[in-house]
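The values are calculated or read from the model by the stated rules, or taken from the named source; none is laboratory data. All of these numbers come straight from a predicted model, not from anything done at the bench. As a convention, Cβ positions derive from the backbone with ideal geometry for all residues, glycine included, and neighbour counts pool all protein chains shown.
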């Protein structure tokens, strides 16, 4: 009865909200995803030959990058498999095309959860195995896929605080849809516990480590980091990296930096906003503090030599390797109630991260670091400046805490292989 009601509501909503979907997909990108996601335009090419057909879905960039090591392990275990990779966003689609087209996969969009869009995609792609790296539950898709005999797996399950509260609130209505998955691999023991509280049987759950850790440990490029150090024209100056910052965080970072310049006058501040389109606003803010700055794009191309005390990162794709040149690293999205960014990225480089209290989207990462004692939580300008000063004052302690943070990640290495083996068993 619940599903029939959802089916009717989603069908009516899909028709009534067509103008909204058109506006929404155009406002968030180029609008190329509108027709495919509504099921009005199928992928231009059929799935590649081979069996089984394995459909892997990640909604956006983070999930798609996490899928890469898992897909490589699946290819090793199922060498004749045909791969289908889907995303829900245009940015995720661009990343998926870059990484998975060379592997021979079909890359396309995931349909909205309307009955007709789901039916058209399932009939066209005819998957044998569906693997979701997205913890959102789409009832039409799961029910129709199961009725067609598709084996269903939820990989790298992560249940954030917000998702957990929502699932508990609607537990009687949602648990049966979650249980359509035959196997659920969890990135942390906390996620396993939360899924059991929601009503998932323990025998469906497997704790196998987090895929994002595998991606981090295999994605480091020491040579790229050395090149970055040359481009920053570093000659022994300490480096303070403020990574993935959001509006409301740059001001306290600049105030903390000004406090740190008294004992460390040559300290270089690298400001890497989460969204580079904020660069003009950030430039004005830096100037209001009477600080000279340069844009990373000019240094990267060799158009300028770095002489300013502040560098603003106005490009995409360079942040991860920047941790390799940092002495102190703050991870943003955490001083403001955004939910945090991945605080394990600096840990992969052997840096003990500094982060704020608002990291509810990365509780699993916080648990890994707190267990190892390899991170600092701060709340304001004084505590941020104090944590950075402590690390700068004691290089031996800084290296030791960074090594502890990195060692905590190493214990999760191999998650992609473990998850792939568990998922393949259901075939």
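A few points about this structure:
- Scanning the range 152-169 for residues that are farther than 18 Å from residue 211 by Cα and either in contact (Cβ under 8 Å) with a residue 12 or more places away in the chain or assigned to a loop (DSSP other than H, G, I, E, B) (or both) turns up 152, 161, 162, 163, 164, 167, 168.
- Residue 251 vs. criteria on the phi < 0 side of the Ramachandran plot, without any contact (Cβ under 8 Å) to a residue 40 or more places away in the chain and in contact with a helix residue (DSSP H, G or I) (Cβ under 8 Å, 6 or more places away or on another chain): yes
- Test: residue 252 is modelled with pLDDT of 95 or more, surrounded by 14 or more Cβ atoms within 10 Å (Cβ to Cβ) and not assigned by TED's automatic domain parsing to the domain that holds residue 69: yes
- Residue list for the range 378-417, restricted to those being in a loop (DSSP other than H, G, I, E, B), buried (at least 18 other Cβ atoms within 10 Å of the Cβ) and out of contact with any strand residue (DSSP E or B) (no Cβ under 9 Å at 6 or more places or on another chain): 412
- The number of residues in the range 294-314 being in a loop (DSSP other than H, G, I, E, B), touching a strand residue (DSSP E or B) at 6+ places or on another chain (Cβ under 9 Å) and free of Cβ contacts under 8 Å to residues at least 60 places away in the same chain comes to 5.
- Residue within the range 48-62 that is buried (at least 19 other Cβ atoms within 10 Å of the Cβ) and closer than 25 Å to residue 13 by Cα present: yes
- Counting only strands (runs of 3 or more DSSP E) that sit wholly inside the range 172-272, those with at least 2 residues that are more than 22 Å from residue 310 (Cβ to Cβ) are 183-186, 205-207.
- Only one of 275, 338 that is surrounded by 14 or more Cβ atoms within 10 Å (Cβ to Cβ) and either outside the structural domain of residue 397 (by TED's automatic domain parsing) or at pLDDT below 95 (or both): 338
- Counted as qualifying within the range 72-137 are the strands (runs of 3 or more DSSP E) with 1 or more residues that are under 15 Å from residue 58 (Cβ atoms) and at pLDDT below 95, namely 82-87, 106-109.
- Residue within the range 312-322 that is more than 28 Å from residue 98 (Cβ to Cβ) and either touching a helix residue (DSSP H, G or I) at 6+ places or on another chain (Cβ under 6 Å) or modelled with pLDDT of 90 or more (or both) present: no
- Residue 186 meets all of the listed conditions (1) modelled with pLDDT under 90; (2) surrounded by 16 or more Cβ atoms within 10 Å (Cβ to Cβ) but one, namely (1).
- The sole residue among 350, 374, 339 that is touching a residue at least 60 places away in the same chain (Cβ under 8 Å) and part of a loop (DSSP other than H, G, I, E, B) is 339.
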